């Protein structure tokens with residue numbers, strides 16, 4: 001091991017965040033090895049069992065190198081929320097701290113990360129009537145049309161919610177229709193004055209060209225590893241209604257399996273394009289995140305001294 005024994009506040013965490021395909025996983029393993037850490041995943045898809053390729057889960061070797069938490073928690077048909085994530089992450093962080101280790105929270109799901117560090121704002125109870133009407137409109141016109149409505153009423157929320165994310169579009173519009181105020185305003189006003197954790201945040205921000213190249217390479221690797229077969233198996237086992245199959249990568253493969261008139265090369269391009277768009281939204285989110293910023297994964301290791309000072313502070 002390359003780390004020194006340390007006395008650390010049980011509520012201190014290191015966060016490594018950034019867009020998909022930016023190299024977070026490998027950098028996190030290197031970082032955790034050097035500071036005596038264990039990784040707490042912050043990925044809304046990695047929690048689902050049996051969907052490994054399209055979610056880019058750490059390999060068995062990576063998980064054997066450094067302990068990973070909050071991966072493979074639920075079956076694909078089970079609901080999973082930000083509140084459940086915070087509950088599970090709190091439990092994992094407490095256990096890691098009790099072992100004298102450093103929790104390293106790693107991922108690109110900004111909503112989960114904010115909920116963990118800042119807390120969840122008081123939730124408005126769901127309104128079945130409003131939800132039924134929104135779902136009927138989506139069935140008639142598509143969720144992208146409702147996303148356009150969200151752009152008009154709450155551009156801040158629309159920036160971080162994909163047009164293909166029906167659950168969050170529905171929730172944002174539901175809150176606005178019930179209260180006359182945007183979900184973004186309510187989240188900002190309810191942010192706690194004291195963060196839930198003492199946090200050092202490292203933000204990975206590759207250049208646009210570098211990120212696009214990484215996305216292309218990863219897309220080809222996923223297809224070669226069996227993304228189509230994994231998607232076909234999930235469809236057969238759980239049907240097309242499960243949340244993970246609406247995610248980037250799986251969604252394009254589902255269309256391909258449904259008989260979309262594209263070949264494998266066109267499928268790869270469709271996944272690459274959708275992933276690039278998703279990464280752009282993530283970059284927008286993390287632009288507002290305070291922390292040290294790095295253009296390449298290798299640069300993060302240069303901050304080890306600063307991280308150790310934070311942990312000993």
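The values are calculated or read from the model by the stated rules, or taken from the named source; none is laboratory data. Just so it is clear, the structure is predicted and the values come from calculations on it, not from any experiment. Please note: Cβ atoms are built from the backbone with ideal geometry, for glycine as well, and neighbour counts cover all protein chains shown.
So which of 47, 15, 105, 74 ends up being surrounded by fewer than 17 Cβ atoms within 10 Å (Cβ to Cβ), at pLDDT 95 or above and either under 20 Å from the mean Cα position of the chain (by Cα) or within 25 Å of residue 295 (Cβ to Cβ) (or both)? Talk me through it step by step, then tell me what you get.
On the way: 47 fails: surrounded by fewer than 17 Cβ atoms within 10 Å (Cβ to Cβ); 15 fails: surrounded by fewer than 17 Cβ atoms within 10 Å (Cβ to Cβ); 105 fails: surrounded by fewer than 17 Cβ atoms within 10 Å (Cβ to Cβ).
None of the others qualify; the one that does is 74.
Can you tell which of 211, 202 is at pLDDT 90 or above, in a helix (DSSP H, G or I) and under 30 Å from residue 307 (Cβ atoms)? Break it down into steps so the answer makes sense when it comes.
Numbers: 202 fails: in a helix (DSSP H, G or I).
That would be 211, the only listed residue that is at pLDDT 90 or above, in a helix (DSSP H, G or I) and under 30 Å from residue 307 (Cβ atoms).
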Please determine whether any residue of segment 86-99 is surrounded by 15 or more Cβ atoms within 10 Å (Cβ to Cβ) and not in a helix (DSSP H, G or I).
no
Report yes if some residue within segment 236-253 is exposed (fewer than 15 other Cβ atoms within 10 Å of the Cβ), within 19 Å of residue 53 (Cα to Cα), touching a helix residue (DSSP H, G or I) at 6+ places or on another chain (Cβ under 8 Å) and in the same structural domain as residue 45 (by TED's automatic domain parsing); otherwise report no.
yes
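With the requirement that a residue be in contact (Cβ under 8 Å) with a residue 24 or more places away in the chain and loosely packed, with under 12 Cβ neighbours inside 10 Å, what does segment 192-216 give you? Even if it seems obvious, please write down each step before you answer.
The first filter runs over segment 192-216 and keeps only residues in contact (Cβ under 8 Å) with a residue 24 or more places away in the chain, leaving 192, 195-207, 210-212, 214-216.
Of everything in segment 192-216, those that are in contact (Cβ under 8 Å) with a residue 24 or more places away in the chain and loosely packed, with under 12 Cβ neighbours inside 10 Å turn out to be 192, 207.
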Please find, within segment 157-181, the residue that is nearest to the chain's Cα centre (by Cα) out of those that are more than 17 Å from residue 131 (Cβ to Cβ) and surrounded by fewer than 19 Cβ atoms within 10 Å (Cβ to Cβ).
160
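Please determine whether any residue of segment 57-68 is under 17 Å from the mean Cα position of the chain (by Cα), part of a strand (DSSP E or B) and buried (at least 17 other Cβ atoms within 10 Å of the Cβ). Full working, then the answer.
So in segment 57-68, the residues under 17 Å from the mean Cα position of the chain (by Cα) come out as 57-58, 68.
If we keep only those that are part of a strand (DSSP E or B) as well, we get 68.
Still in the running and buried (at least 17 other Cβ atoms within 10 Å of the Cβ): 68.
Yes: one or more hits.
Determine whether residue 82 is farther than 22 Å from residue 297 by Cα and buried (at least 17 other Cβ atoms within 10 Å of the Cβ).
On the way: farther than 22 Å from residue 297 by Cα: yes; buried (at least 17 other Cβ atoms within 10 Å of the Cβ): yes.
Considered against the rule, which asks whether it is farther than 22 Å from residue 297 by Cα and buried (at least 17 other Cβ atoms within 10 Å of the Cβ), residue 82 comes out as yes.
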